Amino acid sequence: MKTHALLLPLLLALPGLAAADIYRSVDAQGRVTYSQTPPVGRTAEKVTPRVTPGNPAEAEALQRQVEALDKGQEEAARKETEAAAKQAKQDEACTAARERLALLAQKIPSRLMTRNEKGEMERWTTERHEEQRRQAEALAATSCGGPS
């Protein structure tokens, strides 16, 4: 789709080129000059450029370039989408880490309880609370760029 936008200026310029007058003149030293305006003080002949059908090999090469450009744009869009998804996942991990840090900062270690391997409730020790806080800070550092 975007390649059509690249070809549009070329297509719009072609009628202007075809409608422009072209003059051929030869100066005193025998140099041939082509211009859109007749030279002053010299004779010039109006010429009409010949338009030949395009070379099939050139047309194929141009088509391959257009396809490569489209493929490159699709690849860039895919990478951008993947990067956005990765950033959203990292933002989510950051939010969770910050919430955990906030919770641990509010709670007194002896007031926190979890179930052990036997299924029994047990209170956290100060050491366990500190270890959980360090882990939450490490997670915040990797997902947020630092604890907050």
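The values are calculated or read from the model by the stated rules, or taken from the named source; none is laboratory data. Everything numeric here is computed off the predicted structure, so don't read it as measured data.
The set of residues from the range 75-115 being more than 20 Å from CYS144 (Cα to Cα) and of a type in the set (A, V, I, L, M, F, W, C) comprises ALA76, ALA77, ILE108, LEU112, MET113.
For every residue, the table says whether it meets (1) within 30 Å of ALA138 (Cα to Cα); (2) modelled with pLDDT under 85; (3) aliphatic (A, V, I, L, M).
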{"site": "THR52", "(1), (2), (3)": "no, yes, no"}
{"site": "GLU58", "(1), (2), (3)": "no, yes, no"}
{"site": "ALA61", "(1), (2), (3)": "no, yes, yes"}
{"site": "ALA76", "(1), (2), (3)": "no, no, yes"}
{"site": "ALA88", "(1), (2), (3)": "yes, no, yes"}
{"site": "GLU99", "(1), (2), (3)": "yes, no, no"}
